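Laboratory data are not the source of any read-out in this text; all were calculated from the coordinates shown. Remember, predicted model here, so these are calculated numbers, not experimental data. Note: ideal-geometry Cβ built from the backbone for every residue, glycine included; neighbour counts use all protein chains shown.
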Ligand SMILES: [Zn+2]
Ligand SMILES: [Zn+2]
C-alpha cells in the first residue's frame, strides 16, 4: 500500500476514478442531462448513473470509432442499462440458448434457462431446496385448514339457536 493509498483509505486509482465520476455527475446535473436514455425518467443519484453506448460498439464497422464517438454516448440508470444488456444475451452463462423451448420467465420478467434449472433440480442442492418448498407448502395448507375449521367452529357457537 502506497502513502497515497493510506491517506485516502483506498487505492489511489480508485479514488481518482471516483473523483472523475463525481465531477461528471455534477456536470450531468448542471447541463440537464440527468435523464435516462432507456426509460426517460430522471436519474436521481450518482450510484444509479451509468454511461453507455447507444449502439453497441463491438458490432460496429469501426469499433474504435464507435467506442469514442461522443454522439454515441448516453446516460442511463444502471439497472436500465444492465437489464437491456441482459435482454441482449442470446445464451445463458452455461451457453444454453435462450430460445422459445429453453426459456421461461419469472413473474418479475427475468429469464431463466430451463436446462440449467433442470440440472439444478436434479442436483443434491436442488433436491434439498425443492423438498423445503414442498414442506413449506404442506405447512401452509395445514395452517389454512386449521384456520378454516376454527372459523367454522366460531361461527357455529355464535349463531343464534332456534
Ligand atoms: Zn432508466
Ligand atoms: Zn443454461
(message) If you fit an axis through the alpha-carbon atoms of helix 12-30 and take the longest principal axis of the Cα set of the chain, what angle between them do you get, 0 to 90°, nearest 10?
(response) 90
(request) Would you mind telling me which residue in 144, 21, 89 has the biggest mean-square fluctuation in a Gaussian network model of the chain, where springs connect alpha carbons within a distance under 10 angstrom? (result) 144
(request) Select from 90, 31, 151 the residue whose mean-square fluctuation is largest in a Gaussian network model of the chain (Cα-Cα springs shorter than 10 Å). (result) 151
(request) Among 58, 149, 135, determine the one that fluctuates most according to a GNM of the chain built with springs between C-alpha atoms less than 10 Å apart. (result) 149
(message) Suppose only helical runs count, i.e. DSSP H with n ≥ 4. What mean residue ellipticity at 222 nm does that imply for the chain under -39500 (n - 2.57) per run, divided by all residues and rounded to the nearest 500 deg cm²/dmol?
(response) -17000 deg cm²/dmol
(request) Please give the helix 78-88 orientation as an angle from the longest Cα principal axis of the chain, in degrees from 0 to 90, rounded to the nearest 10. (result) 80
(request) Determine the distance separating the Cα centre of region 90-130 from the Cα centre of region 30-88; give it in Å without decimals. (result) 29
(message) Once you place label points 7 Å from the Cα toward the Cβ at residue 149 and residue 54, how far apart are they in nm?
(response) 6.7
(message) If R₀ is 45 angstrom, what is the calculated FRET efficiency for the pair residue 135 and residue 5, using the beta carbon separation as r and rounding to 0.05?
(response) 0.35
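Grab the Cα-Cα distance for residue 90 and residue 23, subtract it from 0.36 nm times how many residues apart they are, and report the gain in nm with one decimal. List each step's numbers first, then the result.
On the way: separation 67, 0.36 × 67 = 24.12 nm, distance 3.61 nm.
Full extension of this stretch gives 20.5 nm more.
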(message) Using only Cα atoms and rounding to the nearest 10 degrees, what angle (0 to 90) does helix 124-158 make with the longest principal axis of the chain?
(response) 50
